[in-house]
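K.L.:
Take a look at this one; I'll ask things after.
Only the coordinates and a few stated rules stand behind these numbers; no lab work does. Remember, it's a predicted structure, so these values are computed and weren't measured experimentally. In this analysis, Cβ positions are derived from the backbone assuming ideal geometry, glycine residues included, and neighbour counts consider all displayed protein chains.
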Amino acid sequence: MKKLSSKQISYLRGQAHHLSPVVIVGQHGVTEAVLREVEITLKHHELIKVQIRCDDQTELHDMMDRLTDGVKATLVQVIGHKAVLYRQSQEKKIKIPV
């Protein structure tokens with residue numbers, strides 16, 4: 001995935017504002033089941049919110065890294081325990097500015 005510009009990230013953040021988390025990472029962390037669910041969801045939606053339940057900030061950021069690396073998505077934004085992920089699909093449903 002190519003690196004997104006600040007204008008593109010800002011646009012995606014605006015698009016994600018109204019979204020609710022569709023995947024919740026629980027006490028077992030980023031498992032294969034979580035990666036499969038995020039993979040399926042990204043295929044259909046391109047832009048999703050994920051909630052990660054974790055108390056330790058270092059562990060939280062490690063989980064976010066494993067999640068984005070595992071599904072080859074771009075981390076658009078992190079607010080508290082919620083992350084916004086983007087991965088362009090073949091249909092390019094979201095028209096982000098150049």
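K.L.:
Would you please name the GluC sites (Glu not before Pro) within segment 1-94 that are DSSP coil residues with at most 13 other C-beta atoms within 10 Å of their C-beta?
P.N.:
Qualifying residues, ordered by number: Glu91.
K.L.:
Arrange the following residues from fewest to most other Cβ atoms within 10 Å of their Cβ: Ser20, Ser10.
P.N.:
The most exposed by this proxy come first: Ser20, Ser10.
K.L.:
Long-range amide H contacts for Val25: which residues qualify at under 5 Å (H placed 1.01 Å from N, peptide plane, sequence gap of 5 or more or a different chain)?
P.N.:
Under 5 Å from the amide H of Val25 lie the amide H atoms of Gln51, Ile52, Arg53, each far enough along the sequence or on another chain.
K.L.:
Just to be sure I understand: with springs between alpha-carbon atoms less than 10 Å apart, which residue in Val78, Val30, Val22 has the highest mean-square fluctuation in the Gaussian network model of the chain?
P.N.:
Taking springs between Cα atoms under 10 Å, the residue moving most is Val22.
K.L.:
I've got another one for you. For the chain, what proportion of DSSP beta bridges, expressed in % and rounded to the nearest 5, is antiparallel?
P.N.:
Close to 70 percent.
K.L.:
At 222 nm, what value in deg cm²/dmol follows for the chain if DSSP H runs of at least 4 each add -39500 (n - 2.57) and the sum is divided by all its residues, to the nearest 500?
P.N.:
Value at 222 nm, helices only, nearest 500: -13000 deg cm²/dmol.
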